[in-house]
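Presented below is the structure to which this report refers.
The values are calculated or read from the model by the stated rules, or taken from the named source; none is laboratory data. From a predicted model like this one, the values you see are computed outputs, not experimental measurements. Note that we place each Cβ from the backbone using ideal geometry, even for glycine, and neighbour counts take in every protein chain shown. Heads up: the accessible areas ignore ligands, DNA and RNA and are worked out on the full protein's heavy atoms, side chains in. Shrake-Rupley method; radii C 1.70, N 1.55, O 1.52, S 1.80 Å.
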Amino acid sequence: MGESEQQTRKKRIDPKLQAAGWKVVPFTEIKDLTAYDRCAIEEYPTKRGPADYALCMDGAIIGVVEAKRLSLGPQGVLLQAERYARDMTSHSFNYDGLHTPFLYSTNGEVTWHHDVRHTLNRSRQISSFHTPDALIERLQADTDDACTQFFAVPDNSMMRPYQRDACAAIGEAIDDKKRTMLVAMATGTGKTYTMVNLIYRLMKAGAAKRILFLVDRRALAAQAVRAFSSFETEQGLKFDKTYEVYSQAFHRGDLDENEPYDANVLPEAYLTDPQPGHSFVYVSTIQRMTINLFGKSAQFCSDEKPEDDASKIDIPIHAFDLIIADECHRGYSAQEISVWRNTLDHFDAIKIGLTATPATHTMAYFKHKVYEYGYERAVKEGYLVDYDIVNIESGVRMEGIFLNEGEVIDIIDPVTGQRKLDVLEDERAFPSEQVERSITSIDSNRKIIEEIQRYALEHEAQYGRFPKTLIFAAQDISHISHADQLVETARDVFGRGDFFVQKITGKVDRPLQHLREFRNRKQPGIVVTVDLLSTGVDIPDLEYIVFLRPVKSRILFEQMLGRGTRKGEHHPDKSHFVVFDCFGGSLLDYFNKVTSITAEPPKRETKPITQIIDEIWNNRDREYNTRVLVKRLNRIDKEMSGEARDLFSNFVEKGDLKKFAVSLERRVQNDFTGTMELLRDRDFQNLLQNYPRPPKKFIVDYGTQDDVSSTWVVRDSAGNEYKPVDYLTQFSKFVRENPEKIEAIRILLDRPQEWSTDALGELKQKLAATPQRFTLENLERAHKVQYHKALVDIISMVKHAAKEESELLTAEERIRRACDAVTTGKTFTPDQKVWLRRIRSHLIENLSIDKEDFETIPVFADHGGWGRANRIFNNQLSILIQEFNEAVAV
C-alpha cells in the first residue's frame, strides 16, 4: 500500500518547510493571524475548503502550499492552490483576483512554484521551499522597474555592436520573465567581457544583486576575475571597486607568471545566510559549488588538483538571483551532466548558459537561445579571421599500414618502455584507425612535418615571421607517445633548437605556464599537444593548426579550430589562419555536416578578384559573391602596407578598406550602379591585385620532394559522413522497447545466469535483421565515433542502450573482469591454469562458452576436449563455465 497524503506531509513536506525556516502549526480559530509569523499554518480554511498550508509572515498570508501524496505528480495541482488563493479576500494582495502572491504544490520530493504577481511568470520546479526572508525580499523587489532601469544603463563604450545586441537580448528575455536562456557566441568574440558588461548593468539597475559566475576550471575562474578587475564603469572606476567581486582560492599554476597570488575569497556567510543588502559577484568552479551543495562524493572528475578546502554547507535556494554558466557546452559523461544539472537546479535563479558550441544537453536545459553570434558573421564583420585549408594526403593516414614478411620492426612494451627487435614471419595489415594506437610509421610522421615545413617557410618569407603552429597529436601515452615523436621529428626537421618545439600536455610540469609562454613569447614557434584546450589561455597570434589526431567530437573539433580564429595581438596583419587536415580532407569533410562553423574556406589559388567583381556586375550569385568580396577586401586591409593605404585613399575615404568592406553589402543594395562604377574602375582593380605589401625578409627554403602530397582546397557545406548519434538513439530505443522480441536482451538485462553461446548468436542475428541493420560492424563504428571507444563489445552496447550510465567495455576488458570475478580467492593446479588461459582466450573472441566448444574448437579439441578438461577440473567444468558465462553477462 502506498504512502497516504497525511504520511507524505508528516514524513516529507513538514521537514522541508521546517528546514526552510517555517514553523509548521495547526490552524486555530481563536488565534488571530497577527499571532502567526514565519508559520506554515495547516488546514487554513477558505470558501473552497482548507488549504494544506498557508505561509504566514507578520500576520499576512503570502503563500499557499498544496500537498499531494508521494505517488502523485504536483505540477498539475497548482490550479488547486490558485483556487484557495482566490478565496483569501481578507488580505490586501490582489493579482488578477489572486490574493496570495506565492503558490506551491508538492509531493514531498518534487515541488512546483508559481509567482503569480506577473501574468508572464511561468510556474517552475524548484529544489526546496523558499525561506520566509526570501519571500519578503521578493515581495519588496520591483522587478518591472529594475528591468526599465536596466535599459537605461549604458553599455561600456568599448563594447562592440554585437556585444551590445547580446546584452539587449538578455535584458529583453529577463523582462519577458524567462528564467533560463542560452547565449551562443563564437570563440574569440569576447563572451566574458560581454557578460561583465551585462552584470554591471543588471547590478546597477537592481535587476540582480547576488550573482554566481560558474566556470569549470580554476584558470577560467582566474581569467574571469581579471575581466571584472579590468572592466571600467562610466564613473571611471573598475568593476571590483564598484561592486564586491569574490572568488575561490587559486593555485599558483592557475595564474599568470607575475600575477598576484592572493584572491578575494567569498565569506561563507554570503552563501549560507544571503541578505537583501548583499550585492556581489562570486566566481567559482562548478566542481567547487557541487561539493558545497552535495559533498565531495559528487565532485567532477578533473585533471586539476582537487578542491581540498571545499566542503558541504547549507546553501538556500535564493543565495543567488542570477547564475551565468560559462562554457556550458562541455561534453561531460551522463553522470556528470546529471550532477551539473543538479547543481544549477538547486538555485531558484535566472540562469544564463554561455557557449561557443551548443550541445544537445545544453539546449535541452536552457531552452531559449536568446542570442547567437556565429563564426561566419564575425569573420564578415572583421572581428575574427577566416581560414584556409591544406589537405595533406598520406597513404598511412587514409589506408593504414601493410607490413611484408621479413620486415624488421621494433616492439615496445607500453608499460615498461622496453624495446626488442623482431623480424616478421608473415605479412600484417593495420587499418588506419590503429595508426598511433597500435602502430606508428616514423617515415609518415617525418614527411608530414616536412610538408608543413614547406608551407611554414613560405609563410615566413611572405610575412617576415614564423607562423605560430599548434599540432594536435593522436596521443601522449608513455613510451609510445605520438606527441613525443612529433616533437623530436619537428626539432630535427626545423633545426632551430629544442626550445623552438615544445610539448604541452597534461603530463608536462606546469602546462598552463608553458601555454602562456607560447601565447606571449616569440618562442616556442611550434607546440605539440593532444587536447589541452579548455584552459582559458587564448593564442591570438596562432596561424597554423595541424590535425594529426583523428577527431569525431563536434565540440572538441570547434574548440580546436577556435584556437586560430582570433585576430593577431602582436601581429595585427594576421589576416587568416591555416588548417592542415592530415587525413586527406576527410576530417573537415566530416565536420561540414555537423559543425556550426560554416565559413567558406578559400583555396590557395582563388579566382581573381576582378572575376568576382564581374560576377556581381552580371548578377551571377550576387549575394554570395558580394560576401566573398567582403572577405577578400578584409584580407587585403590586413595585409597591405601604409603606402597601399595612401593609394587606396584615392578611391575610398582615408584608404579605410575595412570600413568600405563592412558597408559593401549595403552599398550594393542601395546604390548598385554607383558602387559598381568604383569596383569596375581599372585603376582600382589594378590596385586590388597589386597593392604594396609590407617589406618581407628573405629566408632560404629547405623544402624537399617527398611522397606525401598536399592541396589547398575550398570546402562547401555538403558532406557524406554519417551521424552516429541518431543511429545509437534508435538502437537505445529498440533495446528498451523490444526486449520481449529478443530473448538475449532480457537475459542480459535480467537473467545473466542464462547467458550462453546460443543467446549470443540469437542476439547478433536478430539485431542484424532489424530495419535499422544493427550489425556488429555498424554498432562498433557508431560507438567508436560517438564515445571515442574502439572495439566496444556487444554486451556493453546492449547494457548501455538500456541504461546510459552502464560502462562501455572492450571484449578484453570484460573478460579480464569476468575471469577475476570467477577465479579470485580460488587455488588452481598448473594444468588447470593452462586450461583457464585457453578459456580466457576463447571468451575474448566469443564472449561465451559451452560444452560443444570443447569438442569443436581446435584450441580445446587438440588437447583432449571436454573429457580431459572436465577431469582436470575434477568433473566441475560445467559449473565453472556457467560461472564464466554469468560473469561475462554481468
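When the test is whether a residue is open to solvent by less than 70 Å² (accessible area, probe 1.4 Å), out of contact with any His (no Cβ under 7 Å at 6 or more places or on another chain), closer than 24 Å to Val530 by Cα and among the aliphatic types (A, V, I, L, M), Ile452 passes it.
Residues of segment 105-151 that are acidic (Asp, Glu), open to solvent by 20 Å² or more (accessible area, probe 1.4 Å) and closer than 30 Å to Asn197 by Cβ: Glu137, Asp142, Asp144, Asp145.
Considering segment 785-799, the residues that are in a helix (DSSP H, G or I) and without any contact (Cβ under 8 Å) to a residue 24 or more places away in the chain include one that is nearest to Lys764 (Cα to Cα), namely Ser796.
May I ask you to list the residues in segment 123-182 that are farther than 24 Å from Ile62 by Cα and charged (D, E, K, R)? Asp155, Arg160, Arg164, Asp165, Glu172, listed by residue number.
Here's the yes/no breakdown for (1) closer than 25 Å to Leu470 by Cβ; (2) modelled with pLDDT under 90:
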position	(1), (2)
Thr416	no, yes
Arg419	no, yes
Val423	no, yes
Arg428	no, yes
Ser432	yes, yes
Thr440	yes, yes
Asp443	yes, yes
Arg446	yes, no
Ile449	yes, no
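For segment 394-409, the set of residues classified as in contact (Cβ under 8 Å) with a residue 24 or more places away in the chain, open to solvent by 60 Å² or more (accessible area, probe 1.4 Å) and in contact with a strand residue (DSSP E or B) (Cβ under 8 Å, 6 or more places away or on another chain) consists of Phe402 only.
Of all residues in segment 187-229, those being without any contact (Cβ under 8 Å) to a residue 40 or more places away in the chain, among the basic types (Lys, Arg) and within 17 Å of Ala166 (Cβ to Cβ) number 0. Within the set Lys351, Lys380, Lys369, the sole residue that is over 30 Å from Ser710 (Cβ atoms) and either surrounded by fewer than 18 Cβ atoms within 10 Å (Cβ to Cβ) or modelled with pLDDT under 85 (or both) turns out to be Lys369. The one condition from (1) modelled with pLDDT under 90; (2) open to solvent by less than 30 Å² (accessible area, probe 1.4 Å) that Pro467 does not meet is (1).
The residue that is least open to solvent (accessible area, probe 1.4 Å), counting only those in segment 410-443 that are within 32 Å of the chain's Cα centre (by Cα) and among the small types (Gly, Ala, Ser), is Ser432.
Going by what's in this entry, would Glu405 be described as assigned to a loop (DSSP other than H, G, I, E, B), modelled with pLDDT of 80 or more and among the acidic types (Asp, Glu)? The answer is yes for Glu405. Contact map, segment 17-42: residues that are open to solvent by 90 Å² or more (accessible area, probe 1.4 Å) and among the β-branched types (Val, Ile, Thr) paired with residues that are assigned to a loop (DSSP other than H, G, I, E, B) and modelled with pLDDT under 95, Cβ distance under 9 Å, separation 6+ or inter-chain. Pairs shown: Thr34/Asp58; Thr34/Gly59. Of all the residues in segment 489-507, those that are in a helix (DSSP H, G or I), within 22 Å of Asn520 (Cα to Cα) and within 33 Å of the chain's Cα centre (by Cα) number 3. Selection over segment 508-524 of residues that are surrounded by 15 or more Cβ atoms within 10 Å (Cβ to Cβ) and either acidic (Asp, Glu) or assigned to a loop (DSSP other than H, G, I, E, B) (or both) gives a count of 4.
Kindly indicate which of Lys826, Lys833 is in a loop (DSSP other than H, G, I, E, B) and either touching a Cys at 6+ places or on another chain (Cβ under 9 Å) or over 30 Å from Phe774 (Cβ atoms) (or both). Answer to the check: Lys826. Residues in segment 157-180 that are open to solvent by 20 Å² or more (accessible area, probe 1.4 Å) and more than 17 Å from Lys367 (Cα to Cα): Ser157, Met158, Arg160, Pro161, Arg164, Asp165, Ala168.
Tally the residues that are β-branched (Val, Ile, Thr) and under 13 Å from Pro45 (Cα atoms), restricting the search to segment 66-105. Matching residues across segment 66-105 total 1.
Scanning segment 654-668 for residues that are open to solvent by 90 Å² or more (accessible area, probe 1.4 Å) and at pLDDT 90 or above yields Lys659, Arg666, Arg667.
Considering only segment 93-104, I want to know if a residue exists there that is open to solvent by less than 20 Å² (accessible area, probe 1.4 Å), at negative phi and among the β-branched types (Val, Ile, Thr). Yes: one or more hits. Taking residues in segment 850-867 that are under 18 Å from Phe884 (Cβ atoms) and modelled with pLDDT of 90 or more, and partners anywhere that are of a type outside the set (S, T, N, Q) and in a loop (DSSP other than H, G, I, E, B), the pairs with Cβ atoms closer than 7 Å and at least 6 places apart or on different chains are Trp866/Lys851. Can you find even one residue in segment 132-139 that is more than 20 Å from Leu344 (Cα to Cα) and part of a loop (DSSP other than H, G, I, E, B)? Looking through segment 132-139, none of the residues is more than 20 Å from Leu344 (Cα to Cα) and part of a loop (DSSP other than H, G, I, E, B).
Taking the condition modelled with pLDDT of 85 or more and within 38 Å of the chain's Cα centre (by Cα), does Lys607 pass? Taking the combined requirement at face value, the residue does not satisfy it. In this structure, Glu813 does satisfy being open to solvent by 20 Å² or more (accessible area, probe 1.4 Å), outside any loop (DSSP other than H, G, I, E, B), closer than 24 Å to His783 by Cβ and out of contact with any helix residue (DSSP H, G or I) (no Cβ under 8 Å at 6 or more places or on another chain). Would you confirm whether or not segment 286-302 contains a residue that is of a type in the set (Lys, Arg), modelled with pLDDT under 90, surrounded by fewer than 22 Cβ atoms within 10 Å (Cβ to Cβ) and part of a loop (DSSP other than H, G, I, E, B)? Checking segment 286-302: not a single residue is of a type in the set (Lys, Arg), modelled with pLDDT under 90, surrounded by fewer than 22 Cβ atoms within 10 Å (Cβ to Cβ) and part of a loop (DSSP other than H, G, I, E, B). Looking across segment 410-441, just one residue is among the aliphatic types (A, V, I, L, M), in a loop (DSSP other than H, G, I, E, B) and free of Cβ contacts under 8 Å to residues at least 60 places away in the same chain, and that is Leu424. Going through segment 381-394 one residue at a time, which ones are touching a Ser or Thr at 6+ places or on another chain (Cβ under 8 Å) and outside any strand (DSSP E or B)? Scanning segment 381-394 gives Tyr383, Val385, Ser394. The set of residues in segment 62-109 being hydrophobic (A, V, I, L, M, F, W, C), within 24 Å of Tyr36 (Cβ to Cβ) and out of contact with any strand residue (DSSP E or B) (no Cβ under 9 Å at 6 or more places or on another chain) consists of Leu98 alone. For segment 457-488, a residue qualifies if it is within 24 Å of the chain's Cα centre (by Cα) and part of a loop (DSSP other than H, G, I, E, B), and the qualifying residues are Ala473, Ala474, Gln475, Asp476, Ile477.
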